Structures are given as structure tokens and as C-alpha cells.
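Heads up, the thing below is written out as C-alpha cells.
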Amino acid sequence: MMRWMLGAVISLAAISSALAGNLDAAAVNDAARPAKQPASDKLNAAIVKLQILLDRARFSPGEIDGKLGENAQKALKAFAEQNGVASDKTIAPELWDKLNAASEGAVLVEYKITDADVKGPFLKELPGKLDDMKPLKALSYTSPLEGLPEKFHMSADLLKALNPDKAFDKVGATIVVANVPARRELPNIARLDVDKRNGTLKAFDQGATLIAFYPASIGSPDRPTPSGTLKVTSTHENPVYHYNPDYKFRSVKSKQPFDVQPGPNNPVGAYWIGLSAQGYGIHGTAEPDRVSKSASHGCVRLTNWDVRALGEHVKRGTPVVFLDAPTDSSSEQRRKSGGRRASN
């Protein structure tokens, strides 16, 4: 039985009385399956619940923002395919039931802000260019309102909507947050598939069963992601970013190599999974809201919390297959071949 230990679940009435506005925490916890597909740009109580349930089930919607956007739809489709349920413009009752059955406990809970959440040190401003990051001692958060949402896999806008008129820099203050696990448990990972066309990363076990799903930013026209099969060579929490002038990034003026110090706002985020091609890896980002919506410099970019969950369970030597074709037919071929796949 899965336990969600980020905070004590309080009564719905108590949560509700603490909130105001259109997004009510009690409504989120009690949300029923939406009969129609909600607008992708509108906050919706049922979608907040859906995203948290997907996150718990290891089908990451990326940043939990309460909107049925591209990443939430990708995660829902992958969950539907894994469970043999048809995926269309509505959220099938069977899918909703399966997600609710996959975990227990309220999806929103109270959390008391700690000293560690507010003490910093914080950056006054995150530089927009790599050259300007060189002198900084750490690429820290810019405020508690950046760190707290990431701690709970949320967008800052959703956190503020759930906590109107609340201060996020006061120790002991109580706020409402997504009830997601602080550390993820994953079965043994036998293979990773990076789908360059659809912007996703999938983790499979030895029996070719999909055990985790993540939206991803994958390469760019001027620096594409590799093809074929690579292997995991290393994992690093809080990595130092090493800039090589051979990369020839257009936005970098320096002709000399330099380092950017660790932190969640480091160019490769808070976690790095090294791959068997020089300079390539799977890593985090300072912009979780841009995952799968923007290009990368050839690497595979996930949210900081997703890549950490992956990195803590993947082993050196694990194959990473880069797919240039849709995964549906590839998955069928793998099933027929008992989960083995040749390099493409």
C-alpha cells in the first residue's frame, strides 16, 4: 500500500474554509471525472486531481498546473495505452477509476513551511546567459515561491491559486500543496526509450512493461539528439555544468571553457544522467514549465524531480534507445521479440 507522507491530511471542511477564489481544495479532493474535456488553458479542479494521480502512478504530467495541456494529455494517453483503454478526447471512466485505485489519500494536503524552505541563500535574479552565470557561487532558487512549487511538482501559479493571500516566506505558515511522494520508488529499469518525435521518455522493466513515463525536451535542429542506442554511464546529483567552446552555442560569447556551479537553476538542473556519447545526457531544467515545449542543446531534458526519480533507480550500462519513429509500432515489435530491440 502506498503512503503519502508530505503532510497530515486534514478535513475537507477545514481546507475549504482556508481557501477563496475559483479553485477550491475541497473541490479538488472530491472532484469527479469531467464529462467533457476541459479547456487546455483553464484551471480545473478535476485536472489538478488528474495530474496528481498521474504523477503518483509514475506517469508524469511534468509540472502540475491544473490545466489539461500537452504534457498532461501525453501522460494520460500513455497510462491509457498501458492499461489497454481506448484514449480519445474524453477521460474514460475506466481510466479515472484506475488512477484513483492506484493510490490513496487526499490529493491536496496541508504543509507547514520550514526554515529550510525560506533560509536560502537565494539569487536576486537568474541570469539569462551562460556567460553571466560563471561568477555565481551557486545557481540557487530565486525565492521560496520558486522552491516550494518544485518541491511539490507544481507551478507557482497553481500554488498561489490554492493559497490566496498566503505568504510563502514565513516559517510555520500552513499552505495547501499537492500530495506527491518526496522520493519515488521504481522497479528495476531494464531500458529507456527516448521518443524524439513525440517528446517523451519511457522506462521499461525486464519484461518490457512500461513502469514510468515522462514528457521531455529532446534536441534541436542545430544540435540534434543522437540516434541509435547509448548507455547510461553515470549519475550525478547537483552537477557542475562544464561549458565547452566546441559546443558553439550562439548565445555564449566566451571562447574558453568554463564551469557553472550547481543548483536547481543550473543549465542542466539539479540532476544529470550521463550517456555514452560525449556531452550528452538526461538532465533537469530551471524551467519545468517549458519541458517538451522548447528545444534542448541535444540532451534529453526533464523536470528536476522527474530526472532525479529516474537517476536514483537507473544503473550504469542501462540501454537508452533513441527512437526516430512513433513508439506504437516499435512497442509492438518489442513485445513480439520478448522486449529486445536492435539499435536504430
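Just so it is clear, none of the values below were taken in a lab; they were calculated from the coordinates. Keep in mind that what you see is a predicted model, and the values were worked out from it rather than measured. So basically every Cβ, Gly included, is an ideal-geometry build from the backbone, and we count neighbours across all protein chains shown.
Some points to look at:
- Gyration tensor over alpha-carbon atoms, the chain, equivalent ellipsoid semi-axes in Å: 32, 28, 16
- Charge context of residue 128, other residues only, Cβ under 15 angstrom, K/R +1, D/E -1: +2
- Residue 32/residue 256 FRET efficiency (R0 51 Å; Cβ-Cβ; nearest 0.05): 0.30
- Inter-probe distance in nm under a simple model that places probes 7 Å from Cα toward Cβ, at residue 81 and residue 41: 2.8 nm
- Over the chain, DSSP H runs of length four or greater, each weighted -39,500 (n - 2.57), average out per residue to a 222 nm ellipticity of -6500 deg cm²/dmol.
- Percent RCO, i.e. relative contact order, over the chain, from Cα pairs under 8 Å lying at least 6 residues apart: 18 percent
- In the stretch 280-320, the trypsin sites (Lys or Arg not before Pro) that fall in loop regions by DSSP, at most 13 other Cβ within 10 Å: 315, 316
- Under the combined filter of DSSP loop state and at most 15 neighbouring Cβ atoms within 10 Å, the stretch 130-184 retains these trypsin sites (Lys or Arg not before Pro): 137, 170, 183.
- Model label sites at residue 246 and residue 206, defined 7 Å from Cα along the beta-carbon direction, differ in position by 3.8 nm.
- For the stretch 77-231, the relative contact order comes to 18 percent (Cα pairs under 8 Å, sequence separation of at least 6).
- A Gaussian network model of the chain, with springs between Cα atoms under 10 Å, assigns the largest mean-square fluctuation among 313, 153, 283 to 313.
- Residue 317 sits among other residues whose Cβ lies under 13 Å from its own Cβ, and their net charge, with Lys and Arg +1 and Asp and Glu -1, is +4.
- Environment charge of residue 270, counting only residues whose C-beta is closer than 15 Å and scoring Lys/Arg +1, Asp/Glu -1: -2
- Rounded to the nearest 20, the Cβ-based charge dipole of the chain about its Cα centre (Lys and Arg +1, Asp and Glu -1) stands at 920 debye.
- Taking label points 7 Å from Cα along the Cα-to-Cβ direction, residue 316 and residue 73 give a separation of 4.2 nm.
- Potential lengthening between residue 92 and residue 237 on full extension [0.36 nm per residue; Cα-Cα distance subtracted]: 48.4 nm
- Centre separation in Å (Cα based) which lies between the stretch 192-260 and the stretch 36-110: 26 Å
- A Gaussian network model of the chain, with springs between Cα atoms under 10 Å, assigns the largest mean-square fluctuation among 72, 57, 182 to 182.
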